[in-house]
1. Here's a check for you: in segment 199-235, which residue that is acidic (Asp, Glu) and surrounded by 15 or more Cβ atoms within 10 Å (Cβ to Cβ) is farthest from residue 134 (Cα to Cα)?
2. Where in segment 108-198 are the strands (runs of 3 or more DSSP E), entirely inside, with at least 2 residues that are touching a residue at least 24 places away in the same chain (Cβ under 8 Å) and closer than 30 Å to residue 82 by Cβ?
3. Are any residues in segment 199-213 in contact (Cβ under 8 Å) with a residue 60 or more places away in the chain and outside any loop (DSSP other than H, G, I, E, B), and if so, which ones?
4. How about segment 147-174: which of its residues are of a type in the set (Asp, Glu) and over 18 Å from residue 96 (Cβ atoms)?
5. Does residue 113 satisfy being surrounded by fewer than 19 Cβ atoms within 10 Å (Cβ to Cβ) and charged (D, E, K, R)?
6. Is it true that residue 142 is under 19 Å from residue 34 (Cα atoms) and aromatic (Phe, Trp, Tyr)?
7. In this structure, does residue 104 turn out to be charged (D, E, K, R) and either under 29 Å from residue 25 (Cα atoms) or touching a residue at least 40 places away in the same chain (Cβ under 8 Å) (or both)?
8. Criterion first (touching a residue at least 60 places away in the same chain (Cβ under 8 Å) and either outside any helix (DSSP H, G or I) or among the acidic types (Asp, Glu) (or both)) does residue 93 satisfy it?
Amino acid sequence: MVQWAAALLMTVLVAAVIVHRGFVRFRGRVRASLTQTADIQWVRDTAAGMVCAVLGYNLEIDLLSTYAVRWRRRLSEAALFEELAAALRQQVPPVVPPPFPLVRDRVIPLLKRTAALPPLTGYVHENRMVRRTLDDQISIVYVIEGHHRMTLVTEAMPEAWQITLDELQQLAVRNLRARTRHILDEIGGPRAEYVSLDGFDAARLLVADLMVPAGVVDPLLAIPHEHACLIAPTAERHQIARRAQSMFEISRVPLTSRLYRPSPSGPVPDL
C-alpha cells in the first residue's frame, strides 16, 4: 500500500513537472508573439502569466487559464495569441480628451514608420491614434507635449475639440513652425544637420522651407530616424544617401533611408 501511494505521488509530481515545463514554454511563445506587435511590450513574468505594457499601461495576463483553454478548445496558437492581443488592447482605459484651450499650442506632429504603429483595429475609439499618410512608409501622428511626456492625439480628441483632421494638421504644423523658428534663433540659423535637438527633428521635414541653409540649391532631405533631419544639395546625393542609410540601420527608432524633396504641397519622395 505504501509503495502504491509512493508511486502515485511520484506520478503526480512528474506530471506536475511536465505540465509546469509545458506552461513555461507556452509562456515563452506568448511572449515572443506579443513582442512582435508594434504596441505591446513584455514587462515581466509572473507566477501565473506576465505583465505587458500596452500604450504605456501595465496590464497583467493570466496565462494559466489561457493554457487550459488552449487544450480544451483545441485552438491554434496563432488564433489564441491574436485573441490575447485583442483582449489586452480592449483593457486599456479610454483616454479623456483634455480641454482644447489648454493644449492648443502644444499639439505637434511626429513622423513614425507606419509598420511600427499600433493596428487600426482592436482599440476603443478613445484610444485609436489619429494618423495621416505621408507616403507608403511613413505616417504623421500627433502628440500633446507635456512636462517630460507626450500624449498621443486619439480620434476622440479632434471630435471633442470640434476641429477637422485637416484643421488638426494645420494646427500641429503651425505649432511646429513656431517652435522651429525659436530653435533656429537659438542655434544661429539653418544648418545641414538637425540631430537630437528636441524630439521633433524628423518631423521638421514638414517645415522644410525653414530648414534649408542659404546657398543650398535643389535640396534633398533625409529622415533616417525620428531624431534626425539631414539636408544636402542634389549634387551631394550619394553622400547624403550613404549617411542616411548608415543612420537608419543603427537607430532604435528608424524611419526611412529614402530621400525627399520639398514641394509646395509638402515633402515628396525622391524616386
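The values are calculated or read from the model by the stated rules, or taken from the named source; none is laboratory data. Everything numeric in this text was worked out from a predicted model, so none of it was measured. Reconstructed Cβ throughout: ideal geometry from the backbone, glycine too, with neighbour counts over all protein chains shown.
1. Our first condition is that a residue be acidic (Asp, Glu); within segment 199-235, this holds for 201, 209, 218, 226.
Checking the rest, the ones that are also surrounded by 15 or more Cβ atoms within 10 Å (Cβ to Cβ) come to 201, 226.
Details: 201: 16, 226: 14 Å.
The extreme case among them is 201.
2. Numbers: elements: 131-133, 138-145, 150-152, 193-195.
So the answer is 138-145, 150-152.
3. Correct list: 202, 203, 205, 206.
4. Start the filter on segment 147-174 by keeping residues that are of a type in the set (Asp, Glu), which leaves 155, 159, 166-167.
Hits for segment 147-174 are 166, 167.
5. Details: surrounded by fewer than 19 Cβ atoms within 10 Å (Cβ to Cβ): yes; charged (D, E, K, R): yes.
When the stated conditions are applied, residue 113 passes them.
6. Working: under 19 Å from residue 34 (Cα atoms): no; aromatic (Phe, Trp, Tyr): yes.
Spelling it out, it is not the case that residue 142 is under 19 Å from residue 34 (Cα atoms) and aromatic (Phe, Trp, Tyr).
7. On the way: charged (D, E, K, R): yes; either under 29 Å from residue 25 (Cα atoms) or touching a residue at least 40 places away in the same chain (Cβ under 8 Å) (or both): yes.
Yes: the conditions hold for residue 104.
8. On the way: touching a residue at least 60 places away in the same chain (Cβ under 8 Å): no; either outside any helix (DSSP H, G or I) or among the acidic types (Asp, Glu) (or both): yes.
No.
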